[in-house]
1. So between residue 72 and residue 29, what do we pick up on full extension, going 0.36 nm a residue minus the alpha carbon distance?
2. Counting just the Cα atoms, what span does region 1-57 cover along each of its three principal axes? Round to the nearest Å and put the largest first.
3. Quick one: 59, 34, fewest Cβ neighbours within 10 Å first, how do they rank?
4. Evaluate the distance, in nm, between pseudo-label points positioned 7 Å from the Cα of residue 19 and of residue 39 along their respective Cα→Cβ axes.
């Protein structure tokens with residue numbers, strides 16, 4: 001097995017505050033020069049459970065092909081985009 005893509009889900013359910021939500025534009029800002037694809041979720045801009053409508057999308061980062069399950073898992077764990085992870089990319093971190 002091998003992979004050349006690292007998918008991430010961004011439901012923005014870590015906060016009820018719109019200022020805390022990550023947008024596709026934020027991805028482009030925080031990952032400048034990193035090839036990626038944005039794919040909007042079927043729940044994009046819709047209510048989901050108890051959460052208000054908000055941007056929900058998937059990011060697929062294009063990576064060098066790897067056959068190592070350990071390296072792939074390490075790369076996945078290291079990204080600041082994983083749901084529930086509060087470090088790394090946040091909207092308020094962008095310069096004005």
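1. Using 0.36 nm per residue and subtracting the Cα-Cα distance, I get 13.1 nm.
2. 37, 27, 15
3. 34, 59
4. With each label placed 7 Å out from Cα toward Cβ, I get 3.4 nm.
Each value in this text was obtained by applying a stated rule to the coordinates, not by laboratory testing. Please read all numbers here as calculations on a predicted model, not as lab measurements. Cβ coordinates were reconstructed from backbone atoms using ideal geometry, including for glycine residues, and neighbour counts include every protein chain displayed.
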